Amino acid sequence: MLKLFSSVAMHSQSVLVGIRNFSTSGGPLLFRSSVPMFAEPLKKKKRLDPQILKAREDRKRKKIEKSIRKLEKVSKTLKPIDEVQLMATLSNERDIRQRPTVVHSNDKLEENLVVAKAWSMYKHDEHFFNLQVINDLEYSQQRALNELREVSEDLYLAAVDIDESLLTCQLTGPVETPPIENYQSPDGEYIDISKKWD
Amino acid sequence: MLKNFYSRMHSTKQVKWDIMAGLCLQRKPIITKSLTETEVNFQNFLQEIEFEKSLKSDHELRHEKDVKRMEKLKSGKVIDFDDMDQASNQSAQDYVDKNKEELLNFKFASRSTKADEINDIKSLKRKLDDNLVLIVKQKFGHDDFWVLPQGLWNDGETLRETAERILRESCGNKINVSFYGNAPCGFYKYKYPKQKREQSNVEGAKIFFFKAKLLDGNVEQKDTWTDYEWSTVPELNKKLIQPYMKNVKLFLSNYNVNT
């Protein structure tokens, strides 16, 4: 026992050497007083009224909730499509607007069948013709490229290079009647009435 | 025999070919093709179905009301001031008549032009519903041939640049076109006549065709050709010589099923 304590004492003494404090005894009790603190006592925390605190928190929460609700509202409303929404009057007038049902004669039905069949044959031929044309185009171009590669690798590489000027391509298709030359369009201002949705 | 084979191998290695770029300049159709009989029939058929399945429009209802009111007024029954007022207003039939008159007064441009009437093959305003291809008459040896504008490739330029140069050389600067990419769309090679082959030691020419679309402008007189023409594909068939046409036709997508 003593041996143990003495060892502790020895150890602590060696620690104590550099520290400025006082000890009533160098004994195994090692009584030490704490370092005095020269500081002002802490201010007493001002206690707020719990009701005011609660009100403040509520306000904060309400603000956040409100903004969330706003966001939800916006996400739910889709862009209105005027063309899709039917007017209520239209569905009420359905009976008045109905056309009398037409009953076709057998001859007429037969004729319709013939027309539909002729059309499907026509489209079939057209489709296969188009496939042939695409095939020809591909073949022709691939042959040209192969021949070009044999002639010169540099020219081939220049040929397969992407032409970026082709992008943002705008085409104006064929129309029913050609444009009238020197046509003076009637007076008037162009007003864009298309609605804008944010 | 081996010697013969070797000399053939050797000679093919030394054979030189001229590299050329050809220009397939097209004027795209401006108006739609007129409908065929099958198309017209089917169009009528669809319109019939659509009409039968549709509901009456506001205009039709109004017209029916007008008719009923007129009958009432004629028969002398129930003369209402409201009815009188409305009857004096414009009726649905009047509205239709007025619009029809306006339509009749408007003159649409004709689908067939003057160039079609006199068959002006140099005009860009002919055959508005068809694809027109520029061909020129060039002298090869002693004979004139109709070909797509073509020219020799110069060292240092890409083939696309050659094609653009040929456009300037054979059509002038007053023409605006857009090329369909850097890659050639077709190929044709032919051998020069024997006399020329021995003279210049060049076997023949390899032509790489480039497609371009006419935007605006027209061809100017140039000395690289003696004559030019804007022709449709069936006309090309008659003008161009056969093995050449066969290769050109491959990359002309707008020929008809029948041609």
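The values are calculated or read from the model by the stated rules, or taken from the named source; none is laboratory data. Worth saying up front: this structure is predicted, and the values here are computed from it rather than measured. Neighbour counts are summed over all protein chains in view; Cβ atoms, including those assigned to glycine, are modelled from backbone coordinates with ideal geometry.
Residues that are within 7 Å of chain B (Cβ to nearest Cβ), more than 30 Å from B:ASP130 (Cβ to Cβ) and charged (D, E, K, R) within region A:148-175 comprise just one, A:ASP161.
Of all residues in region B:124-132, none are loosely packed, with under 15 Cβ neighbours inside 10 Å, in the same structural domain as B:GLU220 (by the TED database) and of a type in the set (Lys, Arg). For B:VAL248, the criteria (1) within 10 Å of chain A (Cβ to nearest Cβ); (2) free of Cβ contacts under 8 Å to residues at least 60 places away in the same chain; (3) in a helix (DSSP H, G or I) hold in every case but one, which is (2).
Here's a check for you: in region B:134-153, which residue that is assigned to a strand (DSSP E or B) and aromatic (Phe, Trp, Tyr) is nearest to B:VAL219 (Cα to Cα)? This residue is B:TRP146.
Among the strands (runs of 3 or more DSSP E) lying completely within region B:169-218, list those that include at least 2 residues that are more than 28 Å from B:SER253 (Cβ to Cβ). Spell out how you get there, then give the answer.
Details: elements: B:175-179, B:186-191, B:202-217.
It comes to B:202-217.
Within region B:150-198, the set of residues being away from chain A (no Cβ under 14 Å), of a type in the set (Ser, Thr, Tyr) and without any contact (Cβ under 8 Å) to a residue 60 or more places away in the chain comprises B:TYR192 only. Do we find that A:SER194 is assigned to a loop (DSSP other than H, G, I, E, B), of a type in the set (Gly, Ala, Ser) and more than 10 Å from every other protein chain (Cβ to nearest Cβ) in this structure? So A:SER194 passes the test. Set side by side, the residues A:GLN142, A:GLN184 differ, and just one is more than 8 Å from chain B (Cβ to nearest Cβ), assigned to a helix (DSSP H, G or I) and not hydrophobic (A, V, I, L, M, F, W, C), which is A:GLN142. Could you check region B:104-132 and list, in sequence order, the residues that are touching a strand residue (DSSP E or B) at 6+ places or on another chain (Cβ under 8 Å) and either away from every other protein chain (no Cβ under 11 Å) or more than 19 Å from B:ARG27 (Cα to Cα) (or both)? Listed by number, the residues that qualify are B:ILE121, B:LYS122, B:SER123, B:LEU124, B:ARG126, B:LEU132.
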